[in-house]
1. Of the residues A64, A81, which single one is surrounded by fewer than 20 Cβ atoms within 10 Å (Cβ to Cβ), without any contact (Cβ under 8 Å) to a residue 24 or more places away in the chain, of a type outside the set (F, W, Y) and in a loop (DSSP other than H, G, I, E, B)?
2. Hey, among the residues in region 163-172 that are more than 16 Å from the ligand (Cβ to nearest atom) and within 20 Å of P225 (Cα to Cα), which one's most open to solvent (accessible area, probe 1.4 Å)?
3. Do we find that A289 is at pLDDT below 95 and within 16 Å of the ligand (Cβ to nearest atom) in this structure?
4. Which numbered condition trips up V92, out of (1) away from the ligand (no atom under 16 Å from the Cβ); (2) buried (at least 23 other Cβ atoms within 10 Å of the Cβ); (3) assigned to a strand (DSSP E or B)?
5. Tell me which residues, restricted to region 285-318, are in contact with a Lys or Arg (Cβ under 6 Å, 6 or more places away or on another chain) and open to solvent by 30 Å² or more (accessible area, probe 1.4 Å).
6. For region 155-203, give me the residue count where each residue is over 20 Å from V36 (Cα atoms) and among the polar types (S, T, N, Q).
7. Which residues, taken from region 26-40, are crowded, with 24+ Cβ neighbours inside 10 Å and in a strand (DSSP E or B)?
8. Scan D68, D137 and give me the residue that is away from the ligand (no atom under 16 Å from the Cβ) and modelled with pLDDT under 95.
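The values are calculated or read from the model by the stated rules, or taken from the named source; none is laboratory data. None of these values were measured; they are calculated from a predicted model. Here the Cβ is made from the backbone with ideal geometry for all residues, glycine too, and neighbour counts use every protein chain on show. Surface accessibility is based on the protein's heavy atoms, side chains included, excluding ligands, DNA and RNA. Shrake-Rupley method; radii C 1.70, N 1.55, O 1.52, S 1.80 Å.
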Amino acid sequence: MSPGADPGAMPGKVAEATAIAHPNIALAKYWGKRDVASNVPAVPSLSVTLAGMRTRTTVAFDAALHEDVLTLGGREASPEARARAATLLARVRDASGERRFARVVSDNDFPTASGLASSASGFAALALAATRAAGLDWNPARVSDLARRSSASAARSLFGGFVALGTEPGSDGVLAAESVPAALPDLRVVVAVTSEGAKATNSTSGMLRTQETSPFYRAWLDVAPRLCADVRAGVVAGDFEATGRAAEASALAMHASAIAAGVVYWNGATLEALRTVFDLRARGTLAFATMDAGPHVKVITRDADVALVATCLRSVPGVLRVLETSPGEGARLDPEGHR
Ligand code: DP6
């Protein structure tokens, strides 16, 4: 099989493409859906795409298959994961006229489904590889919209650096993420990994439970757009402290609304790491914490403080590993194929 897209695929010939995407960390969180069926977020979000962790995904449409098949990290994927991938692949078949089922092989070099945003890099890589394998020459915005329908955070991983996602689809139904011009070249994210296992409640069900039952969901909807605007203003102005403060406030408000619905992603080490970040700040180091739908603590800091922050996090009981990451590139095709 030759690697790369094969738009002029003949019947029986495999059309294959491989894409790489990185996770992203939301500085201003998306939590809650305005429209569940078309997966439109209830609040705007703003993230930074991270180098240092990656998903690589190959999609091959093949006439020998009788259904879409998905291998994640060398193992057959769960029926749920396969069904989510098949929904995206069905959209690609509808748009391209490709009729064959696809074999999808994907791997992450970081823990899957543990709150390290594997669905973001996963669906970004899948959307790009699948459109190319089907011969669709879509621009990044259109691929971002496709990824967003499967997992809204994935829309942001199509782009590198700082990326925003809104809440208003255009009249054509397209809602894509877009790059934000940023002036924070020395922003870094230090990740304190506090569990290697998969999370108990995935983000989709956690946010639906929050919006259906949390007494504080309304308060979250009120505050989130303002915090996102504050993050954006800080990023654009190059104001690291304002960005960090608004980002931490967004994460704490999101988790407060979720916790009130019984959706608790934190473990003991999450709280200890959070306290460590507060202590660092009390001693004058600019470091700010953010947490997603998992127990890890991601610390937003500057290049000059990475070593100190990482050392402090490594000494927290329950912190298993510490990863140092920087803003990274958007999703892209990998001409070398799957390795
Ligand atoms: C806490 O994008 O995974 O990471 O659209 O239902 O797939 P679905 O949700 P997902 O949620 C991400 C939630 C978050 C915050 C964020 O990334 O903005």
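1. Selected residue: A64, the only one of A64, A81 that is surrounded by fewer than 20 Cβ atoms within 10 Å (Cβ to Cβ), without any contact (Cβ under 8 Å) to a residue 24 or more places away in the chain, of a type outside the set (F, W, Y) and in a loop (DSSP other than H, G, I, E, B).
2. Taking the candidates together, the pick is E168.
3. no
4. Single failed check for V92: (3).
5. D303
6. Total meeting the criteria: 4.
7. A26, L27, A28
8. Matching residue, one of D68, D137: D137.
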